[in-house]
1. State which residue is modelled with the lowest pLDDT when the search covers only the range 92-107 and only residues that are within 15 Å of L147 (Cβ to Cβ) and either in contact with a strand residue (DSSP E or B) (Cβ under 6 Å, 6 or more places away or on another chain) or surrounded by fewer than 15 Cβ atoms within 10 Å (Cβ to Cβ) (or both).
2. Is at least one residue of the range 144-151 touching a residue at least 60 places away in the same chain (Cβ under 8 Å), under 23 Å from K195 (Cβ atoms) and in contact with a helix residue (DSSP H, G or I) (Cβ under 6 Å, 6 or more places away or on another chain)?
3. Restricting to the range 70-84, and then to whatever is in a loop (DSSP other than H, G, I, E, B) and in contact with a strand residue (DSSP E or B) (Cβ under 7 Å, 6 or more places away or on another chain), can you tell me which residue is surrounded by the most Cβ atoms within 10 Å (Cβ to Cβ)?
4. Of all residues in the range 155-169 being among the β-branched types (V, I, T) and touching a residue at least 24 places away in the same chain (Cβ under 8 Å), which is farthest from S197 (Cα to Cα)?
5. Which is part of a loop (DSSP other than H, G, I, E, B) and touching a residue at least 40 places away in the same chain (Cβ under 8 Å), of A89, A108?
Amino acid sequence: MPTPSKKPPTLTMQKKRSSESPNSRKKDKKPLNNTATLVVCALLLLTVGCAGYRLGTVAPIIPPGSQIAVPPVANKTTQPYLTEPITAALRKAIQLDGTFRLADSRSADYILEIEIVRYERRAISYSPVEVVAGVDYELIATAQAKLYQCGSKDVVWSGSARGTTIIRSGEDFSASERRGVDILAENLARHIVHKLSKGGW
């Protein structure tokens, strides 16, 4: 018997193959390209996250447990009654932070000297009746800080910091400002001690 001959591919099959354009093949590859892009982005995010963690690692300026003395703050401004509240706030902030120990100058390892170099009073809202009269004021104190090692005048650390608060003027503006200075002093002290215990300036 004669063997049946193999039939050539039908015309329909040839048309299907010929209808596969290069553009359709490119479309098939897009999901793979998108997946690769997502993988690369994920790796980049992980890398940046790890780098951010390392950069965010903080360390105290001086060894934890060091004893710090805080002499009375020097007030270089014309504003009175700044020395006592800021000095007291600094000493209290060191005790509350707990990274260092508060000491007197005889037993301290370091001395923290503070100068108040600027005091500002800015009106931030005004009376609708008297435009010139301020209602709310922002109080700002700028301090220069230096940390010395006892037994020498070597500056271990120095920089500046600001303390701020907002007060509302009343019948007795002077009394309102005094109360505001107490809050400002605490704000300034926290900034200084935070920089000491967490590093940087």
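The values are calculated or read from the model by the stated rules, or taken from the named source; none is laboratory data. Owing to the predicted nature of the structure, the values given are computational and were not obtained by experimental measurement. As a convention, Cβ positions derive from the backbone with ideal geometry for all residues, glycine included, and neighbour counts pool all protein chains shown.
1. So in the range 92-107, the residues within 15 Å of L147 (Cβ to Cβ) come out as 93-94, 97, 99-103, 105.
Then keep just the ones that are either in contact with a strand residue (DSSP E or B) (Cβ under 6 Å, 6 or more places away or on another chain) or surrounded by fewer than 15 Cβ atoms within 10 Å (Cβ to Cβ) (or both); that gives 94, 100-101, 103, 105.
Details: I94: 97, F100: 97, R101: 97, A103: 97, S105: 90.
Ranking the qualifying residues of the range 92-107, first place goes to S105.
2. No, the range 144-151 contains no residue that is touching a residue at least 60 places away in the same chain (Cβ under 8 Å), under 23 Å from K195 (Cβ atoms) and in contact with a helix residue (DSSP H, G or I) (Cβ under 6 Å, 6 or more places away or on another chain).
3. Restricting to residues being in a loop (DSSP other than H, G, I, E, B) and in contact with a strand residue (DSSP E or B) (Cβ under 7 Å, 6 or more places away or on another chain), the top hit is V70.
4. From the range 155-169, those among the β-branched types (V, I, T) are 155-156, 164-167; that's our starting set.
Narrowing further to those that are touching a residue at least 24 places away in the same chain (Cβ under 8 Å): 156, 164-167.
On the way: V156: 13, T164: 21, T165: 23, I166: 27, I167: 29 Å.
Among them, the one singled out is I167.
5. Values: A89 fails: part of a loop (DSSP other than H, G, I, E, B).
When all the criteria are applied, what remains is A108.
Listed here are the residues, each with its yes/no results for (1) touching a strand residue (DSSP E or B) at 6+ places or on another chain (Cβ under 9 Å); (2) more than 18 Å from K92 (Cβ to Cβ); (3) not aliphatic (A, V, I, L, M).
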{"site": "C150", "(1), (2), (3)": "yes, yes, yes"}
{"site": "G159", "(1), (2), (3)": "yes, yes, yes"}
{"site": "R162", "(1), (2), (3)": "yes, yes, yes"}
{"site": "I166", "(1), (2), (3)": "yes, yes, no"}
{"site": "D172", "(1), (2), (3)": "no, yes, yes"}
{"site": "S176", "(1), (2), (3)": "yes, yes, yes"}
{"site": "R179", "(1), (2), (3)": "yes, no, yes"}
{"site": "L188", "(1), (2), (3)": "yes, no, no"}
{"site": "H191", "(1), (2), (3)": "yes, no, yes"}
